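One structure is given here, and the rest of the page talks about it.
The values are calculated or read from the model by the stated rules, or taken from the named source; none is laboratory data. Not measured: the values here are computed from a predicted model. Heads up, the Cβs are rebuilt from the backbone with ideal geometry, glycines too, and the neighbour counts pull from every protein chain shown. In case anyone asks, the SASA skips ligands and DNA or RNA and just uses the protein heavy atoms, side chains included. Shrake-Rupley method; radii C 1.70, N 1.55, O 1.52, S 1.80 Å.
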Amino acid sequence: MTTGDVEKITADLKVRVKTPNVSNAIAESLQKYLDGDSTRIKGKAVRYKLNRKGARYFESLIGKHEQA
């Protein structure tokens, strides 16, 4: 998934987050949950995927939501 993909998904959910803001969020706080296929370079798309730590965190969020 690229930052552009995230922008499209959030736009479909009616809470659009623009690509530069997605990129900044990844760089600042989400890096530990994602693996990229290359380093970030302006103008070049990086494909991200959840790493094991990210998958565990996501599952914990879903589990908390299901219990509520």
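What number goes with the only condition from (1) surrounded by fewer than 12 Cβ atoms within 10 Å (Cβ to Cβ); (2) free of Cβ contacts under 8 Å to residues at least 12 places away in the same chain that Lys32 does not pass?
All conditions pass for Lys32, except number (2).
Which residue out of Arg16, Arg40 is among the basic types (Lys, Arg) and in contact with a helix residue (DSSP H, G or I) (Cβ under 6 Å, 6 or more places away or on another chain)? Steps first, please.
Numbers: Arg40 fails: in contact with a helix residue (DSSP H, G or I) (Cβ under 6 Å, 6 or more places away or on another chain).
Checking each option against the conditions leaves just Arg16.
Is there a residue being of a type in the set (Ser, Thr, Tyr) and open to solvent by 40 Å² or more (accessible area, probe 1.4 Å) anywhere in the range 1-17?
Start the filter on the range 1-17 by keeping residues that are of a type in the set (Ser, Thr, Tyr), which leaves 2-3, 10.
Subset that is open to solvent by 40 Å² or more (accessible area, probe 1.4 Å): none.
There is no residue in the range 1-17 that is of a type in the set (Ser, Thr, Tyr) and open to solvent by 40 Å² or more (accessible area, probe 1.4 Å).
Please list, ordered by residue number, the helices (runs of 4 or more DSSP H) wholly in the chain having 1 or more residues that are modelled with pLDDT of 95 or more. Reasoning before the result, please.
Working: elements: 3-12, 19-25, 52-67.
The qualifying helices (runs of 4 or more DSSP H) are 3-12, 52-67.
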